[in-house]
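Here's the structure, in structure tokens; my notes come after.
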Amino acid sequence: MWAGETVSLIGSQVFQLCLPLTAVLVLKASPGQLGVLGALVYAPWLVLGLVAGWLVDRWQRRAVLIISDLGQSVAVGAIPILAVLGRLSFGWLLGLAGLAGVFRVFFTVAYRSYLPQIVPSAHLAMANSRLTASESVAEIGGPGLGGVLALIVGAPFALAADSVSYLFSAAGFARVRRREVPAAPADGSALSHIAEGFRFSFGNAYLRAFVGEAASYNLFWQMAQTVLALFAVTQMGMSAGMLGVTLAIGAVGALAGSAVTVPAAHRLGLNRTLIGSAVIGDLAPLALPAAQRGMWAVPLFAAAFLVQGFGITACNVHVMTVRQTLTPPHLLGRANAAYMFVAQGVKPVGALLGGWLGTLAGPRTALAVAALGLLSTSLFLVFSPLRRIKDLDDITAPPLRRWSSGGDSRRISGR
């Protein structure tokens, strides 16, 4: 599973680079069109996110993961095929990106709910650290690979690498021998079960802080990502390959963050490590709109991504572990779906805002507004009970609420 997902993560990095490059370099997309494209990729979270969580809690998650991987492979693989046939248009690109987004919703909800089912809770932090390290390795190799492939064969044809990577991921999940416990049938309507996931996620002060931080971060970072490729290519004079290299160099920071964050939490405390890492990651993107065309543009971009990757990854390892520790197994799908519905659901708004602001005032201004907005996101963590949590054992203290399978709750300790 780990190996297959690592290959898929590399492919996903190729997708994130080459999809907007296809729109910019091949289809000559405007900032507004890039905003629509980015919005459509994440719009399925708003339409299907909550239903996906309810279904994932009723289905075998391993099967959902395999089918979702195969669906993404078909959707992304159709883009280079249409390009070969000379039929690729912006409309086709929108439709296929949206279809891939539908399968990605089911995959993400199932994936975040599957790991706690096959890994003991005592080993979750280390497992999340290793998976985050895989993400970092993918971020190092993926953009560089995507940039090279875009230079050699063209951006739309480079997406074939992502299509193939999903097949490796599906094969990895198919080889998992440990089976999850079948979900017990539950009474009540779909709406009541979906609402239970919301009540759990937003009735807990720790989880509420995570949702606020993730949603605000994703809103502003999606604004930045919407115009980033256009800004780098048209105003900084970077080639597709050079942009890929800067992203790859920057991802070294993410790998370092995943490696040191668990020992740092043991030494400095979970609160200082988690919140301090988030603040570091939020400060770094301020350098991007300050870059000027010339020899220092690439090093400045790489340094910003390096520091950002370190901070955000070091923070996310602990966020994921705390969320998985707090959430009962029968609620994992719905709680993750409620979380992702908000955290990912703001991305279409961010994409549209980035495209609109890029059209109105230019990509540099859009980047500057997004970078300033990111400074506010860690405040959700600073002004939460997380600032008093020194290690994971403290997280079972108030204000934690446990939920039964029927949706009733009781305060196990509190004030």
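Data for the structure
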| item | result |
| --- | --- |
| Only listed residue being in a helix (DSSP H, G or I), surrounded by fewer than 19 Cβ atoms within 10 Å (Cβ to Cβ) and among the hydroxyl-bearing types (Ser, Thr, Tyr), chosen from Thr234, Thr226 | Thr234 |
| Single residue of segment 48-86 satisfying the filter (of a type in the set (Gly, Ala, Ser) and surrounded by fewer than 17 Cβ atoms within 10 Å (Cβ to Cβ)) that is modelled with the highest pLDDT | Gly86 |
| Evaluation of Cys315 against (1) under 22 Å from Ala229 (Cβ atoms); (2) crowded, with 24+ Cβ neighbours inside 10 Å; (3) at pLDDT 90 or above (one fails), failing number | (1) |
| Pair list, Cβ under 9 Å, 6 or more apart: segment 296-324 residue within 17 Å of Ala254 (Cα to Cα) and of a type in the set (Ser, Thr, Tyr), other residue modelled with pLDDT of 90 or more and not in a loop (DSSP other than H, G, I, E, B) | Thr313/Ser277; Thr313/Gly281 |
| Helices (runs of 4 or more DSSP H) (entirely within segment 1-102) containing at least 3 residues that are aliphatic (A, V, I, L, M) and under 15 Å from Ala155 (Cα atoms) | 2-21, 61-84 |
| Pairs where the first residue, in segment 223-250, is under 17 Å from Arg293 (Cβ atoms) and the second is hydroxyl-bearing (Ser, Thr, Tyr) and at pLDDT 90 or above, C-beta under 6 Å, 6+ apart | none |
| Matching entry among Ala122, Ala97 (being crowded, with 19+ Cβ neighbours inside 10 Å, modelled with pLDDT under 95 and under 29 Å from Gly309 (Cα atoms)) | Ala97 |
| Test for Ser216: is it among the hydroxyl-bearing types (Ser, Thr, Tyr) and at pLDDT below 85 | no |
| Qualifying positions in segment 326-339 - part of a helix (DSSP H, G or I) and surrounded by 24 or more Cβ atoms within 10 Å (Cβ to Cβ) | Leu331, Leu332, Gly333, Arg334, Ala335, Asn336, Ala337, Ala338, Tyr339 |
| Given (1) at pLDDT 80 or above; (2) buried (at least 18 other Cβ atoms within 10 Å of the Cβ), number of the condition Gly197 does not satisfy | (1) |
| Gly276 vs. criteria farther than 30 Å from Arg58 by Cα and either in contact with a Phe, Trp or Tyr (Cβ under 9 Å, 6 or more places away or on another chain) or at pLDDT below 80 (or both) | no |
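The values are calculated or read from the model by the stated rules, or taken from the named source; none is laboratory data. These figures come from a predicted structure and were not determined experimentally. Backbone-built Cβ (ideal geometry, glycine too); neighbour counts: all protein chains shown.
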